[in-house]
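Q: This is the structure, below, for whatever I ask next.
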Amino acid sequence: MTRRTRALRSLSRVALAVVAVAVLGAAAVWAASGAPSASGAPSLASIERLDPELRAALDAATADAAADGVEVRVTSGWRSHEEQERLWREAVAEHGSEAEAARWVAPVAASAHVTGDAVDVGPTDAMSWLSQHGARYGLCQVYANELWHYELRPDAVANGCPAPYADATADPRFR
(Lines give C-alpha, C1' and ligand atoms only; values in the text may rest on other atoms or scores of the structure.)
Protein backbone atom coordinates (compact mmCIF):
# COMPACT_ATOMS: atom_id res chain seq x y z
CA MET A 1 0.00 0.00 0.00
CA THR A 2 1.40 3.36 -0.96
CA ARG A 3 1.87 6.23 1.42
CA ARG A 4 -0.87 8.16 -0.41
CA THR A 5 -3.34 5.24 -0.08
CA ARG A 6 -2.63 4.96 3.65
CA ALA A 7 -3.13 8.71 4.04
CA LEU A 8 -6.45 8.59 2.15
CA ARG A 9 -7.68 5.67 4.25
CA SER A 10 -6.67 7.46 7.41
CA LEU A 11 -8.44 10.60 6.20
CA SER A 12 -11.57 8.52 5.44
CA ARG A 13 -11.58 7.13 8.98
CA VAL A 14 -11.18 10.64 10.39
CA ALA A 15 -14.02 11.89 8.17
CA LEU A 16 -16.30 9.08 9.39
CA ALA A 17 -15.39 9.87 12.99
CA VAL A 18 -16.19 13.55 12.40
CA VAL A 19 -19.54 12.61 10.87
CA ALA A 20 -20.29 10.36 13.84
CA VAL A 21 -19.40 13.08 16.34
CA ALA A 22 -21.45 15.62 14.41
CA VAL A 23 -24.46 13.32 14.22
CA LEU A 24 -24.25 12.27 17.85
CA GLY A 25 -23.57 15.86 18.93
CA ALA A 26 -26.59 17.03 16.98
CA ALA A 27 -28.62 14.23 18.54
CA ALA A 28 -27.53 15.32 22.00
CA VAL A 29 -28.43 18.94 21.26
CA TRP A 30 -31.75 17.85 19.79
CA ALA A 31 -32.37 15.57 22.79
CA ALA A 32 -31.43 18.31 25.26
CA SER A 33 -34.46 20.29 24.16
CA GLY A 34 -36.51 18.70 26.93
CA ALA A 35 -38.81 15.83 27.79
CA PRO A 36 -40.65 14.04 25.01
CA SER A 37 -42.78 16.67 23.36
CA ALA A 38 -45.14 17.12 20.48
CA SER A 39 -42.02 17.52 18.33
CA GLY A 40 -40.87 14.05 19.38
CA ALA A 41 -37.64 15.30 20.98
CA PRO A 42 -36.60 13.05 23.87
CA SER A 43 -34.84 14.33 26.96
CA LEU A 44 -31.07 14.02 27.17
CA ALA A 45 -31.60 11.60 30.07
CA SER A 46 -33.55 9.29 27.76
CA ILE A 47 -30.34 8.77 25.78
CA GLU A 48 -27.83 8.94 28.64
CA ARG A 49 -29.72 6.33 30.67
CA LEU A 50 -29.85 3.75 27.91
CA ASP A 51 -28.08 0.48 28.62
CA PRO A 52 -24.42 1.16 27.72
CA GLU A 53 -24.26 -1.74 25.23
CA LEU A 54 -27.49 -0.62 23.55
CA ARG A 55 -26.18 2.93 23.34
CA ALA A 56 -22.86 1.78 21.86
CA ALA A 57 -24.69 -0.29 19.22
CA LEU A 58 -26.99 2.62 18.47
CA ASP A 59 -24.04 5.03 18.20
CA ALA A 60 -22.28 2.73 15.71
CA ALA A 61 -25.45 2.21 13.66
CA THR A 62 -26.20 5.94 13.69
CA ALA A 63 -22.73 6.75 12.35
CA ASP A 64 -23.00 4.16 9.58
CA ALA A 65 -26.50 5.28 8.66
CA ALA A 66 -25.23 8.86 8.44
CA ALA A 67 -22.49 7.69 6.08
CA ASP A 68 -25.33 6.27 3.94
CA GLY A 69 -27.15 9.62 4.10
CA VAL A 70 -29.75 8.49 6.64
CA GLU A 71 -30.40 10.41 9.85
CA VAL A 72 -31.38 8.19 12.77
CA ARG A 73 -33.22 10.11 15.46
CA VAL A 74 -34.01 8.72 18.88
CA THR A 75 -37.64 9.60 19.48
CA SER A 76 -37.78 7.79 22.81
CA GLY A 77 -35.22 5.90 24.87
CA TRP A 78 -35.13 5.45 28.62
CA ARG A 79 -38.36 6.53 30.29
CA SER A 80 -39.08 7.29 33.93
CA HIS A 81 -41.73 5.27 35.76
CA GLU A 82 -43.92 8.38 35.73
CA GLU A 83 -43.60 8.89 31.96
CA GLN A 84 -44.33 5.23 31.23
CA GLU A 85 -47.32 5.29 33.59
CA ARG A 86 -48.66 8.38 31.81
CA LEU A 87 -48.25 6.71 28.41
CA TRP A 88 -49.97 3.58 29.74
CA ARG A 89 -52.95 5.53 31.11
CA GLU A 90 -53.28 7.43 27.82
CA ALA A 91 -53.17 4.17 25.83
CA VAL A 92 -55.85 2.57 28.02
CA ALA A 93 -58.06 5.63 27.55
CA GLU A 94 -57.43 5.68 23.80
CA HIS A 95 -57.89 1.95 23.18
CA GLY A 96 -60.66 1.33 25.72
CA SER A 97 -59.07 -1.54 27.65
CA GLU A 98 -55.79 -2.65 29.18
CA ALA A 99 -55.75 -5.69 26.90
CA GLU A 100 -55.91 -3.57 23.73
CA ALA A 101 -53.56 -0.89 25.11
CA ALA A 102 -50.95 -3.59 25.86
CA ARG A 103 -50.58 -4.16 22.11
CA TRP A 104 -49.05 -0.67 21.85
CA VAL A 105 -47.75 0.43 25.26
CA ALA A 106 -46.30 -1.69 28.04
CA PRO A 107 -47.27 -1.16 31.65
CA VAL A 108 -44.44 0.19 33.80
CA ALA A 109 -43.42 -3.22 35.18
CA ALA A 110 -43.07 -4.68 31.67
CA SER A 111 -41.53 -1.76 29.76
CA ALA A 112 -38.06 -2.21 28.29
CA HIS A 113 -37.92 1.59 28.06
CA VAL A 114 -38.04 1.95 31.87
CA THR A 115 -34.93 -0.21 32.20
CA GLY A 116 -33.12 1.58 29.34
CA ASP A 117 -33.23 -1.54 27.17
CA ALA A 118 -35.30 -0.16 24.28
CA VAL A 119 -35.18 2.73 21.88
CA ASP A 120 -37.71 4.16 19.44
CA VAL A 121 -36.30 5.71 16.28
CA GLY A 122 -37.42 7.82 13.37
CA PRO A 123 -37.98 9.08 10.75
CA THR A 124 -39.26 6.42 8.35
CA ASP A 125 -36.01 6.14 6.37
CA ALA A 126 -34.15 5.47 9.65
CA MET A 127 -36.62 2.71 10.53
CA SER A 128 -36.10 1.21 7.10
CA TRP A 129 -32.30 1.47 7.37
CA LEU A 130 -32.28 -0.22 10.78
CA SER A 131 -34.66 -2.91 9.55
CA GLN A 132 -32.16 -3.74 6.80
CA HIS A 133 -28.89 -3.23 8.70
CA GLY A 134 -29.69 -3.34 12.42
CA ALA A 135 -28.69 -6.98 12.93
CA ARG A 136 -25.07 -5.99 12.16
CA TYR A 137 -25.16 -4.03 15.43
CA GLY A 138 -27.45 -6.38 17.35
CA LEU A 139 -30.34 -3.93 16.99
CA CYS A 140 -33.60 -5.72 16.27
CA GLN A 141 -37.19 -4.68 15.73
CA VAL A 142 -39.00 -6.59 18.45
CA TYR A 143 -42.67 -6.05 17.54
CA ALA A 144 -44.12 -6.25 14.02
CA ASN A 145 -46.64 -3.51 14.82
CA GLU A 146 -43.96 -1.10 16.09
CA LEU A 147 -41.58 -0.40 13.22
CA TRP A 148 -39.79 2.18 15.39
CA HIS A 149 -39.06 0.01 18.48
CA TYR A 150 -35.58 -1.58 18.69
CA GLU A 151 -33.85 -3.58 21.39
CA LEU A 152 -30.37 -5.02 21.65
CA ARG A 153 -30.09 -8.69 20.71
CA PRO A 154 -26.32 -9.39 20.74
CA ASP A 155 -26.77 -12.82 19.11
CA ALA A 156 -28.21 -11.06 16.05
CA VAL A 157 -24.72 -9.96 15.01
CA ALA A 158 -23.88 -13.61 14.20
CA ASN A 159 -27.34 -15.09 13.64
CA GLY A 160 -29.56 -12.26 12.40
CA CYS A 161 -32.54 -10.84 14.21
CA PRO A 162 -35.27 -13.19 15.37
CA ALA A 163 -38.71 -12.77 13.84
CA PRO A 164 -40.56 -9.98 15.60
CA TYR A 165 -43.54 -10.76 17.81
CA ALA A 166 -46.88 -9.62 16.37
CA ASP A 167 -47.13 -7.15 19.24
CA ALA A 168 -46.10 -6.90 22.89
CA THR A 169 -48.89 -9.22 24.04
CA ALA A 170 -47.14 -12.08 22.20
CA ASP A 171 -43.80 -11.42 23.95
CA PRO A 172 -43.20 -14.21 26.51
CA ARG A 173 -41.20 -11.80 28.71
CA PHE A 174 -44.44 -10.06 29.61
CA ARG A 175 -46.69 -13.02 30.41
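Q: In this structure, is D155 surrounded by fewer than 20 Cβ atoms within 10 Å (Cβ to Cβ), of a type in the set (D, E), farther than 24 Å from A91 by Cβ and under 14 Å from the mean Cα position of the chain (by Cα)?
A: No; evaluated as a whole, the condition is false for this residue.
Q: Okay, next question. Kindly indicate whether G122 is surrounded by fewer than 21 Cβ atoms within 10 Å (Cβ to Cβ), in contact with a Leu (Cβ under 6 Å, 6 or more places away or on another chain), under 24 Å from R49 (Cβ atoms) and modelled with pLDDT of 95 or more.
A: no
The values are calculated or read from the model by the stated rules, or taken from the named source; none is laboratory data. Here the structure is a predicted model, which is why all the values come from computation and not from measurement. Backbone-built Cβ (ideal geometry, glycine too); neighbour counts: all protein chains shown.
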